[in-house]
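Report on the structure given below.
The values are calculated or read from the model by the stated rules, or taken from the named source; none is laboratory data. Just so it is clear, the structure is predicted and the values come from calculations on it, not from any experiment. Using ideal geometry, Cβ is built from the backbone for each residue, glycine included, and neighbour counts are taken over all protein chains shown.
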Amino acid sequence: MEIAPLPENEAERLDNLYSYDLLDTPLDPVFDDIASLAGKICGVPYALITLVDAKRQWFKASYGWKGGRETSRDISFCSHAILQEDVFHVPDASVDQRFSGNPLVTGDLAIRVYAGVPLVSEEGHRLGAVCVLSDQPATLSNWQLESLRQLSHVVASLIKARKRDARMQLMGKVLDQIPDEIMLADARSLRCVYANAAMERTAASLGRNVREATLAEVVAAAPNSAAARLLDEVRSGQIARAVVEVERPRDADGTTQPDQLEMRLQRLQFDKFDTIISVGHDIAERKHAEQVRLGLQAELESRNRQLSRAYNQLDDELKLARETQFHFLPQPRWIGSARFDWLFRASHYLSGDIFDYFNLNERHVCFHIIDVSGHGVAAALLALDVQRQLFSYRLQALELLRRLDFNLGAAAPRIVQEFNRRFYRVNPTSMYLTMVYGLLDAHTGDVALVQAGHPHPMVWHQGSASLQVIGNGGLPIGILKKAGFEVLRLRLDPGSRLYLYSDGITESENSYGVEFGAERLAQLLRREADAPLTQVKAALESALLEWNPDPAATKDDMTFLALEYDAAHRNQPPVQRA
């Protein structure tokens, strides 16, 4: 016995065979009828439609065969037939050395005649054969062999069609799992050609058989509606596709909330196939989400309008508060022989800087500059409160000055210590402040200064080319309950000036992040030494604006307080605080 060799493309042939999904499938009457016709045409007792697997020969159909549905590939005649391009005919297997020892020949079946035509797939692979067998030697006629060829072509076409049917069935199963409603309709009549399960369920809920419904009914296209017009335009070929939103009754009597659908329509034309496909997608959730979004948007817009009104009101109130804060600032003026002038710029609406000057009696003047930590409303309110406290403390300060025999150097640090103690006790926040507190004897020009963490004062004496920076820094107010403070003593000659300022001036940054600095301030004050205080103030304001022209970029409040001593004004009556 001779075993047939494997085809050169065996791996590809098997892959192609498996793609048809025919092996081990149930018997099929159509294939059985073809096998029966082959056996009767050839006048033999047996006929088979075989598929040659890797190790076996399996029978898709049989006529007269009693030997089961498969045999080993090694003993199969068809494994030889698939190596041929045309009919493989063995008139007497018992005398053919290839098959004389084959169990199908030597066994009970006693096969003598075999004639098989390869079963060629659509892709050109020989998957098996249509064959006939007999237990009596015989030579088949040309007419019989030609009939076998024709039957092989029929089986190949049938296998091809079944494969397409299987694909269509698979596609149908897939489409039935899709929740969207899918329908194919004839382009002329709009009658249903195909509907998936979702579409069939919808039609049933409306009491209709989907096969009897038209596409116009499915999309709920009422006459002259937008849906009807779009459907007519797709149908007539004016447009290739369209999207329409429709509301469709959910049941026959219309008692439940209607479906909200987005219907996508497209005309498909190829060969003689002319249909319109409709895909309906439920957009109820999307519509609900859109309504929720619109509601939230309307609420947000309403809140924004409320916030805008509140912001505008707050803006107006802060502007009024700014004007009020400026009202609390003392006017530039003479107090006895001391002339005071100032420059004041807030980084926000309100400033945490504050200053004041007022007479304690006809001879002695109190002045101070304060910078509260932080910015904004809280810092401004605390600064105003501190200003009020220091002014209301003037009688106690004068009494202390009298007890100390008007010793400014002894009185000034004690006043600051007492203020620090009171501030620490009543301040509920963690805010603190820096300060320069000063007492001036208007008759002699003697000054006592206490520097509490504030930038160093600068002194210029009439006729001097230098500007003196004084002070040692000191501890800010409100850090420790019991804090000691040093006093600075100096005498102002006629024409001398004392300059106090907040760190908002020296720490002002330009667009490159460079600070204005104490040295630049000192250079400006030396350059304007002989100019009136009003001109000094104007020069400083111009320099700061040139250094940082963007008000929004101002990080800290700016305060500049100038005191000019002039003995010629000593005998003028002191100006009382309003």
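When the residues of region 463-517 are filtered to those that are within 21 Å of R527 (Cβ to Cβ) and part of a strand (DSSP E or B), the one that is farthest from the chain's Cα centre (by Cα) is R497. Scanning region 387-415 for residues that are of a type in the set (G, A, S) and within 60 Å of the chain's Cα centre (by Cα) turns up just one, S392.
Per the conditions (1) surrounded by fewer than 18 Cβ atoms within 10 Å (Cβ to Cβ); (2) touching a residue at least 40 places away in the same chain (Cβ under 8 Å); (3) closer than 28 Å to G445 by Cα; (4) of a type in the set (K, R), the sole criterion not satisfied by R497 is (1).
Results for (1) surrounded by fewer than 15 Cβ atoms within 10 Å (Cβ to Cβ); (2) touching a strand residue (DSSP E or B) at 6+ places or on another chain (Cβ under 8 Å); (3) among the β-branched types (V, I, T), shown as yes or no for each residue.
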residue: S36; (1), (2), (3): no, yes, no
residue: I49; (1), (2), (3): no, yes, yes
residue: A61; (1), (2), (3): no, yes, no
residue: I75; (1), (2), (3): no, no, yes
residue: F88; (1), (2), (3): no, yes, no
residue: G101; (1), (2), (3): yes, no, no
residue: L104; (1), (2), (3): no, yes, no
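Quick one: how many residues across region 112-141 are in a loop (DSSP other than H, G, I, E, B), closer than 22 Å to G68 by Cα and touching a residue at least 40 places away in the same chain (Cβ under 8 Å)?
Of the residues in region 112-141, the ones in a loop (DSSP other than H, G, I, E, B) are 112, 121-125, 135-141.
From what's left, closer than 22 Å to G68 by Cα: 112, 135-136.
From what is left, the residues that are touching a residue at least 40 places away in the same chain (Cβ under 8 Å) are 135.
Total meeting the criteria: 1.
What pairs can you find where one residue is in region 152-170 and not assigned by TED's automatic domain parsing to the domain that holds E123, the other is among the acidic types (D, E), and their Cβ atoms are less than 8 Å apart, with a gap of 6+ or different chains? That search, which allows pairs on different chains as well, returns nothing.
Whenever a residue of region 531-548 is more than 14 Å from N510 (Cβ to Cβ), its partners that are buried (at least 17 other Cβ atoms within 10 Å of the Cβ) and among the acidic types (D, E), lying with C-beta atoms within less than 7 angstrom and at least six residues away or across chains, give the pairs L533/D341; L533/E564; T534/D341; Q535/E528; V536/E528; K537/D341; A539/E528.
Total residues in region 506-521 satisfying the condition of being crowded, with 19+ Cβ neighbours inside 10 Å and farther than 20 Å from F344 by Cβ: the figure is 0. Of the helices (runs of 4 or more DSSP H) lying entirely inside region 1-91, those carrying at least 2 residues that are small (G, A, S) and out of contact with any Cys (no Cβ under 7 Å at 6 or more places or on another chain) are 10-19, 29-42. Taken together, L384, L440 contain a single residue that is within 48 Å of the chain's Cα centre (by Cα), assigned by TED's automatic domain parsing to the domain that holds A522 and under 25 Å from F326 (Cβ atoms), which is L384.
E541 meets the conditions (1) in contact with a Lys or Arg (Cβ under 9 Å, 6 or more places away or on another chain); (2) part of a loop (DSSP other than H, G, I, E, B); (3) within 29 Å of F391 (Cβ to Cβ) in every case but one. The failed one is (2). Meeting the requirement of 2 or more residues that are at pLDDT 85 or above and either more than 22 Å from L184 (Cβ to Cβ) or hydrophobic (A, V, I, L, M, F, W, C) (or both), the strands (runs of 3 or more DSSP E) wholly within region 219-292 are 259-270, 273-282. Quick check: is even one residue across region 334-357 under 56 Å from the mean Cα position of the chain (by Cα), closer than 26 Å to S502 by Cβ and assigned to a helix (DSSP H, G or I)? No, region 334-357 has no match at all.
Checked against the criterion of being under 46 Å from the mean Cα position of the chain (by Cα) and either without any contact (Cβ under 8 Å) to a residue 12 or more places away in the chain or exposed (fewer than 13 other Cβ atoms within 10 Å of the Cβ) (or both), the candidates A187, A204, A197 yield just one match: A204.
Going by the conditions given, is S464 over 27 Å from H364 (Cβ atoms) and at pLDDT below 95? Judged against the criteria, S464 is not a match. If the condition is being of a type outside the set (V, I, T) and surrounded by 18 or more Cβ atoms within 10 Å (Cβ to Cβ), then region 5-34 contributes R13, L17, Y20, L22, F31. Residues considered: D556, D566, D503, D530. Of these, the only one that is surrounded by fewer than 14 Cβ atoms within 10 Å (Cβ to Cβ) and modelled with pLDDT under 95 is D530.
If you go through region 444-462 and keep only what is within 60 Å of the chain's Cα centre (by Cα) and β-branched (V, I, T), you end up with V450, V459.
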